[in-house]
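Some notes on the structure that comes next.
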Amino acid sequence: MKIKECTKCKLHKTRTNVVVGGGNVKSDIMFIGEAPGKNEDLQSKPFVGKSGLVLNEMLDNIGLKRSNVYITNIVKCRPPDNRDPTGLEKIKCSMWLKKQIKIIKPKIIVTLGKHSYSSMYIIFDNIKKMKFYVGKMKTNNLYYVKNGKNNFYIYKAIHPAATLYNHSLIEILYTQFEEIKIFLQAQNEKK
């Protein structure tokens with residue numbers, strides 16, 4: 001079955017489009033959100049609404065462009081009224097995300113929001129918390145996954161949409177993206 005023909009959950013009945021993902025399939029970094037919103041459903045592209053503008057700004061601040069990263073969501077179809085995806089919807093869609101991760105082979109996955117992060121436990125059963133120091137501060141947002149030959153890190157970040165409703169979270173998101181930048185630099189120095 002092809003992803004655009006998927007009927008594994010009820011979301012296929014209300015979607016306009018399947019939002020697979022977009023960006024550089026050879027990228028070392030993959031951003032995973034929760035589910036498409038209205039604009040994403042209409043355009044069949046992830047993060048093209050207001051939260052996409054916030055994500056673009058965060059990427060710009062750390063020297064990345066959308067064309068250099070890969071962006072997708074846990075759930076590939078828009079939940080009605082932009083509600084949170086259900087556990088069953090996340091489980092049904094997890095096979096597609098696992099295939100994407102296998103194809104892209106990212107070195108680091110940045111989960112955007114609680115649903116994205118918790119879905120990693122649906123897909124992988126061997127997530128281990130890591131100690132990573134940013135300057136003198138230890139970040140509590142980094143995890144490691146042993147996945148055969150394709151091991152990778154997970155960085156847990158807040159969803160850009162959260163900053164639209166709670167403006168005080170924008171500073172936290174800036175800090176998280178700075179940590180991502182420092183982590184990427186450290187990884188590149190190891191090469």
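Laboratory data are not the source of any read-out in this text; all were calculated from the coordinates shown. From a predicted model like this one, the values you see are computed outputs, not experimental measurements. As a convention, Cβ positions derive from the backbone with ideal geometry for all residues, glycine included, and neighbour counts pool all protein chains shown.
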Among the candidates K50, K76, K99, single out the residue that is more than 16 Å from L173 (Cβ to Cβ) and surrounded by fewer than 17 Cβ atoms within 10 Å (Cβ to Cβ). K99
Looking for something more than 22 Å from I103 (Cα to Cα) and either in contact (Cβ under 8 Å) with a residue 40 or more places away in the chain or in a loop (DSSP other than H, G, I, E, B) (or both) - is there at least one such residue anywhere in the range 66-79? yes
Applying the selection to the range 33-62, what residues are over 22 Å from I101 (Cβ atoms) and touching a Gly at 6+ places or on another chain (Cβ under 6 Å)? G37, N39, G49
In this structure, does I91 turn out to be surrounded by 14 or more Cβ atoms within 10 Å (Cβ to Cβ), assigned to a helix (DSSP H, G or I), touching a residue at least 12 places away in the same chain (Cβ under 8 Å) and over 12 Å from the mean Cα position of the chain (by Cα)? yes
Name the residues in the range 22-38 that are crowded, with 24+ Cβ neighbours inside 10 Å, in a loop (DSSP other than H, G, I, E, B) and small (G, A, S), would you? A35
Determine whether L169 is free of Cβ contacts under 8 Å to residues at least 12 places away in the same chain and within 18 Å of N56 (Cβ to Cβ). yes
Residue, surrounded by the fewest Cβ atoms within 10 Å (Cβ to Cβ), within the range 153-191, restricted to residues that are under 22 Å from K50 (Cβ atoms) and aromatic (F, W, Y): Y165
Filter the range 114-166 for residues that are among the polar types (S, T, N, Q), over 27 Å from P36 (Cβ atoms) and in contact (Cβ under 8 Å) with a residue 12 or more places away in the chain and give the result. N126, T139
